[in-house]
Amino acid sequence: MYSWLQRSLQQLYQRAAQHKLHHALLLKGLKGIGKSDFAEQLGRYLLCSNKQVVAQTEAAPCGHCQSCLLLNAGNHPDLYEIRSEKQIGVDAIREAIKKLTGSSQLSGAKVLVIHDAHTMTESSANALLKTLEEPTNNTFLLLLSDQTERLLPTILSRCEKVALPSPTKQACIDWLNQQGYQNVDEAMLRLYGASPLLLVERLVTPPKISYQDVARGIESLQAGSADPADLATKWQEDAINMVKWLQIWLLEKLKKGPNHPESLWQMHKLCVSANEQLRNPGVNKTLVLVNILQSMVK
Ligand SMILES: [Zn+2]
């Protein structure tokens with residue numbers, strides 16, 4: 001397990017070993033910190049029929065029981081997962097609940113993992129409520145989310161929230177080095193340092209528009225040789241990242257000296273509110289970006 005998640009995992013292992021773990025957990029944390037791997041490990045432990053509790057900090061699945069072997073082979077009959085890129089429909093939830101109400105195939109625990117739980121539709125969430133409240137015996141529901149504010153209050157109130165931490169900058173650098181990534185660009189580290197798995201994804205497939213592109217864009221904007229609407233149109237495809245790049249650019253400026261700090265802070269505020277707006281799926285991204293870029297010209 002990733003070093004930054006090790007402690008949280010051990011805490012849940014210990015509670016599971018003592019039968020003190022809540023049956024519905026909401027594992028929340030930023031995108032790209034390893035929540036799926038965390039849930040997989042926790043699921044392994046819950047399903048293992050020979051849980052090892054060596055010491056306070058060294059609990060682990062045994063690795064040899066039938067459950068562990070089936071998990072290694074990737075086909076455990078009592079582990080269910082729901083994942084969806086965009087939306088989790090009610091059928092997927094109903095199907096999973098049906099499986100959970102049956103008895104466990106290996107007469108142990110049953111585990112349902114719901115990735116990106118915030119993508120459940122309202123009817124999906126409602127279909128899940130009863131199971132969240134009164135699950136069948138020895139059943140665990142692990143909900144994962146990086147946007148818990150999008151979950152219905154009725155879901156939130158029925159889960160125990162477990163906040164998973166992001167790594168420190170140094171832990172992130174150490175991990176990247178272990179993965180074979182040396183000398184990672186400082187701008188990339190600042191943008192994705194709290195989400196190392198996402199950072200690796202971005203290193204493998206670099207964003208189409210780099211931080212340097214954005215910095216150059218702003219310079220031309222301020223020199224009068226570029227137009228806010230043109231840049232916004234060009235950048236809207238990756239709008240969320242663009243706003244983050246802009247924020248990094250602003251913070252660099254603020255660090256450098258007393259160059260109209262008040263107006264820079266204003267822009268920073270615009271960026272913060274843009275981040276909020278861009279979470280809304282129907283938003284006009286170009287318009288949001290134009291708004292910030294225009295303030296940079298003034
Ligand atoms: Zn085992």
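The values are calculated or read from the model by the stated rules, or taken from the named source; none is laboratory data. Remember, predicted model here, so these are calculated numbers, not experimental data. All Cβ positions, even for glycine, are placed from backbone atoms using ideal geometry, and neighbour counts span all protein chains on display.
If only one of Leu203, Leu221 is at pLDDT 85 or above and surrounded by 17 or more Cβ atoms within 10 Å (Cβ to Cβ), which one is it? Quick ask: steps written out before the conclusion?
On the way: Leu203 fails: surrounded by 17 or more Cβ atoms within 10 Å (Cβ to Cβ).
Going through Leu203, Leu221 in turn, just one is at pLDDT 85 or above and surrounded by 17 or more Cβ atoms within 10 Å (Cβ to Cβ): Leu221.
Of everything in region 97-110, what is of a type in the set (Ser, Thr, Tyr) and surrounded by 14 or more Cβ atoms within 10 Å (Cβ to Cβ)? Give them in sequence order.
Within region 97-110, the first condition is being of a type in the set (Ser, Thr, Tyr), and the residues that meet it are 101, 103-104, 107.
Within region 97-110, just Ser104 meets the criteria.
Scan region 24-59 residue by residue and report those that are part of a loop (DSSP other than H, G, I, E, B) and crowded, with 20+ Cβ neighbours inside 10 Å.
Kept after step one, since they are part of a loop (DSSP other than H, G, I, E, B), are these residues of region 24-59: 29-34, 48-51, 54-58.
Listed by number, the residues that qualify are Gly29, Ile33, Gly34, Cys48.
Looking at region 26-64 only, could you name the residues that are over 26 Å from Tyr192 (Cα atoms), away from the ligand (no atom under 16 Å from the Cβ) and in contact (Cβ under 8 Å) with a residue 12 or more places away in the chain?
Gln56, Thr57
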* Structure fact -> All conditions in (1) in contact (Cβ under 8 Å) with a residue 24 or more places away in the chain; (2) of a type in the set (A, V, I, L, M); (3) within 16 Å of the ligand (Cβ to nearest atom) are true of Ala117 except (3)
* Would you say Asn241 is outside the structural domain of Lys35 (by TED's automatic domain parsing) and more than 27 Å from Gly29 (Cβ to Cβ)? -> no
* Structure fact -> Out of (1) part of a loop (DSSP other than H, G, I, E, B); (2) surrounded by fewer than 20 Cβ atoms within 10 Å (Cβ to Cβ); (3) more than 16 Å from the ligand (Cβ to nearest atom), the one Arg94 does not meet is (1)
* State whether the residues of region 220-234 include one that is within 27 Å of Trp4 (Cα to Cα) and in a helix (DSSP H, G or I). => no
* From the list Leu132, Leu141, Leu128, pick out the single residue that is modelled with pLDDT of 95 or more, in a helix (DSSP H, G or I), in the same structural domain as Arg15 (by TED's automatic domain parsing) and aliphatic (A, V, I, L, M). => Leu128
* Structure fact -> Within region 158-172, of all residues that are touching a residue at least 24 places away in the same chain (Cβ under 8 Å) and more than 20 Å from His22 (Cα to Cα), the one surrounded by the most Cβ atoms within 10 Å (Cβ to Cβ) is Cys172
* Residue that is farthest from Ile240 (Cα to Cα), among those in region 172-219 that are in a loop (DSSP other than H, G, I, E, B) and hydroxyl-bearing (Ser, Thr, Tyr) -> Tyr181
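Evaluate region 3-22: report whether one residue or more is among the small types (Gly, Ala, Ser), within 15 Å of the ligand (Cβ to nearest atom), more than 21 Å from Glu133 (Cα to Cα) and out of contact with any strand residue (DSSP E or B) (no Cβ under 6 Å at 6 or more places or on another chain). Walk me through it before giving the result.
Taking region 3-22 and keeping what is among the small types (Gly, Ala, Ser), we get 3, 8, 16-17.
Narrowing further to those that are within 15 Å of the ligand (Cβ to nearest atom): 16-17.
Now restrict to residues that are more than 21 Å from Glu133 (Cα to Cα): 17.
Now drop any that are not out of contact with any strand residue (DSSP E or B) (no Cβ under 6 Å at 6 or more places or on another chain), which leaves none.
Within region 3-22 (the criterion being among the small types (Gly, Ala, Ser), within 15 Å of the ligand (Cβ to nearest atom), more than 21 Å from Glu133 (Cα to Cα) and out of contact with any strand residue (DSSP E or B) (no Cβ under 6 Å at 6 or more places or on another chain)), the answer is no, since none of the residues qualifies.
Could you please find all residues in region 102-125 being among the hydroxyl-bearing types (Ser, Thr, Tyr) and in a loop (DSSP other than H, G, I, E, B)?
The first filter runs over region 102-125 and keeps only residues among the hydroxyl-bearing types (Ser, Thr, Tyr), leaving 103-104, 107, 119, 121, 123-124.
If the condition is that a residue be among the hydroxyl-bearing types (Ser, Thr, Tyr) and in a loop (DSSP other than H, G, I, E, B), then Ser103, Ser104, Ser107, Thr121 are the ones that fit.
Among the residues of region 89-118, count how many are within 17 Å of Leu129 (Cβ to Cβ) and not charged (D, E, K, R). Steps first, answer last, please.
Step one: filter region 89-118 for residues within 17 Å of Leu129 (Cβ to Cβ), giving 89-98, 100-101, 112, 114, 117-118.
Then keep just the ones that are not charged (D, E, K, R); that gives 89-90, 92-93, 96-97, 100-101, 112, 114, 117-118.
Count: 12.
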* Within region 111-144, restricting attention to residues that are crowded, with 22+ Cβ neighbours inside 10 Å and either in contact with a Cys (Cβ under 7 Å, 6 or more places away or on another chain) or among the hydroxyl-bearing types (Ser, Thr, Tyr) (or both), which residue is nearest to Ile88 (Cα to Cα)? -> Ser124
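Evaluate region 73-90: report whether one residue or more is among the hydrophobic types (A, V, I, L, M, F, W, C), in the same structural domain as Gln11 (by TED's automatic domain parsing), near the ligand (Cβ under 9 Å from one of its atoms) and outside any strand (DSSP E or B). Lay out the reasoning, then the answer.
Narrowing region 73-90 to residues among the hydrophobic types (A, V, I, L, M, F, W, C): 73, 79, 82, 88, 90.
Filter once more, so that each one left must be in the same structural domain as Gln11 (by TED's automatic domain parsing): 73, 79, 82, 88, 90.
With the extra rule that they be near the ligand (Cβ under 9 Å from one of its atoms), the set shrinks to none.
The answer is no, given that none of the residues of region 73-90 is among the hydrophobic types (A, V, I, L, M, F, W, C), in the same structural domain as Gln11 (by TED's automatic domain parsing), near the ligand (Cβ under 9 Å from one of its atoms) and outside any strand (DSSP E or B).
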